[in-house]
Amino acid sequence: MCGIVGYIGKASAPSVLISGLRRLEYRGYDSAGMAILEDGSVVVSKAPGKVSALNDKAHADWPAERFSKSSTGIAHTRWATHGPPTEVNAHPHLDESGDIALVHNGIIENYRALRTRMEGKGHHFYSETDTEVLAHLIGDRYKGDLFQAVCDALSQVEGTFGIAVISAKEPGKIITARRGSPIVIGVGEGETIVASDASAIIAHTRQVIYLEDNDIAVVTADNVDIRDLHQVPVTREVSELGFDSAAAEKGGYEHFMLKEIHEQPDSLSNAIRGRLDFNLGSSVLSGMGSSPRELAEIQRVVLVGCGTSLHAGLVGEYAFEDLANIHAEVEQAAEFRYRNPIIGRTDLVVAISQSGETADTLAAVREANQKGAFVMGLCNVVGSTIARETGRGVYLHAGPEISVASTKAFTCQVAVMLMMALKLGRGRRFSRDEGMKFAREIESIPALVEKVIAQSDRIAEIAKRYANDEHAFFIGRGTMYPVALEGALKLKEISYIHAEGYHAAELKHGPIALLQEGTPVIALANDIPGKDKTLGNIEECRARGARILGIITEGDQEAAEAMDDFIEVPACHPLVATVPSVVALQLLAYHIANERGCEIDQPRNLAKSVTVE
Ligand code: F6R
């Protein structure tokens, strides 16, 4: 989704801004732009398409000395919401005078009313965006104090924002603010970087300040002054970023997605390390922050999330019911937030979000908090809004996930939920010995995943036979049903093959009508309860001419014989088997997309962090 970078310091602002935008490319965007201060005026360059197009344009249009002279600027990657991804709609936007430039993430909901009001005062608008309206509003409120003008303008705005503003009349400062859209400030040596995500900051400094909602800050090269919208000073801690820039590079892999698939044995080890207690047959998840007595009061677990995180939640549902004997439900976060759900103090609501910034999941957290539920976050990004607003939960420790298609976050989410369920299960159902046995199963996950990754070349060969199809079905039962959904999502988002995931039993209630000679069906036929029924469903597909690619348990001859192609995953507990099985499907999707020549790290229309509804 949209990205913000602002720079003030001694270095060349355009160069810093371009490299910062490059680090935000993974979020997904369709145009880019920057504004810098030079000799008492604001200079803007914008381009539809990639950051490289912006870089080429700025170098073509601007004199070379501009790159060395200017040391203050703001920049943006835009993911179109209001108006198509054209140059004119790209940020930054200027106010009526042309002296004030603004970049903005989020949505100004009352922008139409504000625009009409401003047009009545003689303002001219060039774009279709809500952001240009905010730029004009700030200009309209400007009476010689930019900070005051931004405060005044924001007090009239409904919606969400993360913004950075500069003015030719007040060089030497950037004003930044947030409500519902993250802003991180990197505090360097004689330089300060404002960004929507720490990846754009890490090359400069690891010292960062996360703004809270309704914070507004005046940032100079060596100071950060944070206030609330009433201008009362507020204190925000400086924290240290827990990853370095190397972790955000491709490390020799052709794509971030492939790198992140291969990282999974390590990311899973990091997620699990130190969290299993073999003595007690339980897990140690201090972030859950609750005594066994408090946990004993939980009567229901409600898992909320979107996309891949929602699919992880579906695995979690099985885990909490099977291991902890607690009634569990999964709900799409947008549905949860608007449905007026019946929840209360004996419910544990777990918000699952890699980024910790997904708008619907965050709103679900707020709704659950309102209703007095016990709310926890399952986030990867440390210090993200959901992590902070839930106050308790468990970090994934998966390391930065750059690829738009989520891989290692899913497997770590599952691993962490298995540990959460084990902890709850020990208080309700499991004996110490049973707990120890399941803890060993969890401990084995990284090694199981390694065995699947070792088959990457073989999977690439299989992928060639499926790369020319335009439709595919994924089927599974029990714990493999969410894996089927996730496999279909991975394939469609990066290869653009139309893929649907179904419960294997559901196929004959309608979708089977679409099967014809050669239609690929990817069947999760692991040797877990329900396998025989899935094999029966496979026969039904075969009878209609479908080609079957099976995910099967290592050495299962019966299953192998039912397939045209198969990928083996090691034998393990049905809950644990979700992890190696999904890795097989991640590799399958990757190799198919690669074979089709797709832009794997930046799939069309997609954004890494979905901060709008
Ligand atoms: C798919 C994918 C998305 C995200 C979804 C939620 O590969 O990445 O479906 O899972 O947008 O994002 P988070 O987990 O950041 O809340």
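Observations
- Single residue of Leu348, Leu323, Leu314 found to be away from the ligand (no atom under 16 Å from the Cβ), assigned to a helix (DSSP H, G or I) and not aromatic (Phe, Trp, Tyr): Leu323
- Answer residue from the stretch 355-386, given it is part of a strand (DSSP E or B) and within 10 Å of the ligand (Cβ to nearest atom) and is surrounded by the fewest Cβ atoms within 10 Å (Cβ to Cβ) among those: Cys379
- Scanning the stretch 8-41 for residues that are assigned to a strand (DSSP E or B) and crowded, with 24+ Cβ neighbours inside 10 Å, we see that the one that is modelled with the lowest pLDDT is Ser31.
- The set of residues in the stretch 462-478 being out of contact with any strand residue (DSSP E or B) (no Cβ under 9 Å at 6 or more places or on another chain) and either part of a helix (DSSP H, G or I) or open to solvent by less than 20 Å² (accessible area, probe 1.4 Å) (or both) consists of Ala463, Lys464, Ala467.
- Cross-chain or 6+ apart pairs with Cβ under 8 Å, the stretch 357-373 first and under 16 Å from Gly344 (Cβ atoms), then within 9 Å of the ligand (Cβ to nearest atom): Ala364/Ala333; Ala364/Ala351; Val365/Ala351; Val365/Ile386; Ala368/Ala351
- The helices (runs of 4 or more DSSP H) falling completely within the stretch 46-122 that include 2 or more residues that are open to solvent by less than 70 Å² (accessible area, probe 1.4 Å) and either under 19 Å from Asn605 (Cβ atoms) or touching a Leu at 6+ places or on another chain (Cβ under 6 Å) (or both) map to 51-61.
- The stretch 199-236, residues that are hydroxyl-bearing (Ser, Thr, Tyr), without any contact (Cβ under 8 Å) to a residue 60 or more places away in the chain and within 22 Å of Glu25 (Cα to Cα): Thr205
- Which numbered condition Glu294 fails, given (1) open to solvent by less than 10 Å² (accessible area, probe 1.4 Å); (2) at pLDDT below 95; (3) more than 24 Å from Val576 (Cβ to Cβ): (1)
- Residue satisfying condition, being farther than 28 Å from Pro603 by Cα and either charged (D, E, K, R) or not in a strand (DSSP E or B) (or both), within set Ile494, Ile528: Ile528
- Among the residues of the stretch 555-608, the ones that are open to solvent by 50 Å² or more (accessible area, probe 1.4 Å) and assigned to a helix (DSSP H, G or I) come to 5 in all.
- Some residue of the stretch 389-408 being within 23 Å of Glu367 (Cβ to Cβ), of a type in the set (D, E, K, R) and at pLDDT below 95: yes
- Unique residue being under 27 Å from the mean Cα position of the chain (by Cα) and away from the ligand (no atom under 16 Å from the Cβ) when the list is Ser286, Ser291: Ser286
- In the stretch 499-525, the residues that are in a loop (DSSP other than H, G, I, E, B), open to solvent by less than 90 Å² (accessible area, probe 1.4 Å) and either without any contact (Cβ under 8 Å) to a residue 24 or more places away in the chain or of a type outside the set (Ser, Thr, Tyr) (or both): Gly510, Leu515, Gly518, Ala525
- Subset of the stretch 149-162 (residues that are touching a residue at least 60 places away in the same chain (Cβ under 8 Å) and in a helix (DSSP H, G or I)): Val150, Cys151, Leu154
- Those strands (runs of 3 or more DSSP E) lying entirely in the stretch 175-244 with at least 2 residues charged (D, E, K, R): 223-228
- Meets criteria (out of contact with any Lys or Arg (no Cβ under 9 Å at 6 or more places or on another chain) and without any contact (Cβ under 8 Å) to a residue 60 or more places away in the chain) for Asp61: yes
The values are calculated or read from the model by the stated rules, or taken from the named source; none is laboratory data. What you see is a predicted model, and the numbers here were worked out from it, not measured in a lab. Positions of Cβ are backbone-derived with ideal geometry, glycine not excepted, and every protein chain shown enters the neighbour counts. What goes into the accessible areas is simple: the full protein's heavy atoms, side chains included, and nothing from ligands, DNA or RNA. Shrake-Rupley method; radii C 1.70, N 1.55, O 1.52, S 1.80 Å.
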